[in-house]
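Only the coordinates and a few stated rules stand behind these numbers; no lab work does. Being a predicted model, the structure only gives us computed values, none of them experimental. Cβ placement follows ideal geometry from the backbone for every residue including glycine, while neighbour counts extend to all protein chains displayed.
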Amino acid sequence: MRYLSPVDAAFLRMESPRTPMHVGGLMTFRLPPDAPPDFLRQLFARLRAQMPSTEPFNLRLARTPWSALAPAWEPAPDIDIDYHVRHSALPYPGGERELGVLVSRLHSHPLDLRRPPWEITLIEGLENDRFAFFLKVHHSALDGMGALKLVRRWLSADALQRDMPALWALPAQPREARDAPHGHAVEQGVEALRTQLRASGELLSTLRRMARRRDNPEGGILSALSTPRTLLNVPITPQRRLATQLFELSRIKAVSAATQSTVNDVALALIAGAVRRYLLELDALPHEPLVASVPVGLPRADGKPGNAVAGFVVPLETQADDPLDCLHVVRAVTQRTKDQLRGMSPEALAQFTMLGLSPLILGQMARVLSHLPPIFNFVVSNVVASKELLYLEGAELEAMYPISVLFDGYALNVTLVGYHDRLSLGFTGCRDALPSLQRLAVYSAEALEELERAAGLVPHAAGAAEHAPARRTRRRGAH
């Protein structure tokens, strides 16, 4: 058995009927030019013939008397591959709307935690000779960075490669050699305690620096104490909506260069602009700046699947009309906070993460989280999939759209994935709290155009998507 880390166990304990803690990923592909009519039937048959052998797909939660206190993974016997690997088709015309409706429905259903906590669905019938895969896996088993690492191992940069293994049956990788612990168990325990005490000292020192107004004039961690309550911070229901948007990465980079900001800063500013427009339209924009929670992925020390993440909060200056005001604050806060976190040990970062998650964990377990003052308004995550084109049996991966978890009282989550020359946005929202979620996807494109104008750049006439028809389809979509 392998025990879950504190962060992994936290996502397991936050599972509830209204807040299923699984993450998802939608991957759209273009059929190879020479694909036979039964290409997808053959692909599905090859995939379902392969039994899971890769973590976490071959693991289930151990069933022991102490599982509630110390959950652990164990090898899963007799995996029912037909339960986990599924095949579906879209109704005509197979556009972005139909795809979004299906994926929203698939993502709304909780995983069966008596089984290995994952499902994958092959979706055919997508217009313009395309198909898709939708993967969902429990957050206690895999985070966004871990999922993308597995996808990169699954797909190939070679368009001619064939007979590729399934995502859940990848060849084993040699693990890095690690020094075995030496000494008596008591000595190891004492040393572990010393390590955690040193980490606590690091954490306190960092928190003091983050809390000093003179060192953090734009807010930073102090913003969590004055987060306004909005219609994004309401009790949520189990059903989800999905909205997507696709940008040319060159446009984001142009704004980044013109404003001396990072690509992540620009992406966060354009999302802030989209949410500002959304709330203004509903006459619900607060006078105080909205606050985003920004997770930062970290490498796991043991190299195994699971969660390795730290995070911080960023004020978004949504009360200001000039989008550059927001971008300048985002740039200052993110750069300063990353500098403050960069010098911390892995143990101190783990304590920092648990400190940030504690209000969410305790509030959600006690079923009072939506009644507590919010410590942020929504989450924005950003990960990089690949800088080169990827293929599955010659089918080009067109785009990847992430779908994340929602906490009670936090009805919106935004995740970005950088892939090749594109940046895709996945908006996950509570279906009842945010019935017009697709507007955020449209407004994000308009927010980028506003940033381009403010930065002195000539905006693209066609908008954010690769081609105008796809963007118009997303405007109509009610995912």
For region 45-59, in residue order, the Karplus 3J(HN,Hα) values (coefficients 6.51, -1.76, 1.60; θ = phi - 60°; whole Hz; Gly and Pro = x) are 4, 5, 5, 6, 7, 9, 7, x, 9, 10, 5, x, 5, 9, 10
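Before anything else, pin down the relative contact order of region 2-169: Cα pairs under 8 Å, at least 6 apart, normalised by residue count, whole percent. Don't jump to the answer; show the numbers that get you there.
Values: 229 pairs, mean separation 57.4, N = 168.
After rounding, I find 34 percent.
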So how much slack lies between Gln335 and Met365, counting 0.36 nm per residue of separation and subtracting their Cα-Cα distance, in nm? 7.5 nm
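Stretched out fully, how many nm does the piece from Ala258 to His109 gain, at 0.36 nm a residue minus the Cα gap? Spell out each step's value before the answer.
Numbers: separation 149, 0.36 × 149 = 53.64 nm, distance 4.36 nm.
So the extension gain works out to 49.3 nm.
Add +1 for every Lys or Arg and -1 for every Asp or Glu among the other residues with Cβ under 12 Å from the Cβ of His109, and state the total. Show your work: numbers first, answer last.
Numbers: positive: Arg86, Arg105, Lys136, Arg240; negative: Asp112, Glu119.
Within the 12 Å Cβ shell, the charges total +2.
Give the shape of region 2-169 as rounded, prolate or oblate, defined through the alpha-carbon gyration tensor: a ≥ b ≥ c are the square roots of its eigenvalues, a/c under 1.5 means rounded, and otherwise the shape is prolate if a/b is larger than b/c and oblate if not. Before the final figure, lay out the partial values.
On the way: a/c = 2.25, a/b = 1.66, b/c = 1.35.
Judged from the Cα gyration tensor, region 2-169 comes out prolate (a/c at least 1.5, a/b above b/c).
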So how do 405-415, 385-395 stack up, highest first, on mean other-Cβ count within 10 Å? 405-415, 385-395
Label-point separation in nm, Arg153 to Gln173, each point 7 Å along Cα→Cβ: 0.5
So what are the ³J(HN,Hα) numbers for region 381-389, from phi and the Karplus equation (6.51, -1.76, 1.60; θ = phi - 60°), rounded to whole Hz, Gly and Pro as x? 10, 9, 9, 10, 8, 6, 8, 10, 5
Quick query: amide H of Arg86 versus all other amide H atoms, modeled in the peptide plane; which residues come in under 5 Å with a sequence gap of 5 or more or a different chain? Ile120, Thr121, Leu122
Which order do Glu119, Glu74 fall in if you start with the one that has the fewest other Cβ atoms within 10 Å? Glu74, Glu119
For region 253-265, Karplus couplings with θ = phi - 60° (6.51, -1.76, 1.60), whole Hz, Gly/Pro x: 5, 5, 5, 4, 5, 5, 10, 6, 10, 8, 4, 4, 4
Taking 7 Å along the Cα-to-C-beta vector as the label spot, tell me the Glu74-Phe44 distance in nanometres, rounded to one decimal. 3.4
What is the order of Ile271, Ile361, fewest Cβ neighbours within 10 Å to most? Ile361, Ile271
Count charges around Arg251 for me, please; just the other residues with Cβ under 11 Å from its Cβ, Lys/Arg as +1, Asp/Glu as -1. -2
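If you place +1 on the Cβ of every Lys and Arg and -1 on the Cβ of every Asp and Glu, how big does the dipole about the Cα centre of region 2-169 come out, in debye to the nearest 20? Write out the running numbers ahead of the final one.
Numbers: 20 positive and 19 negative charges, 75 e Å.
Using only the charged Cβ atoms, the result is roughly 360 debye.
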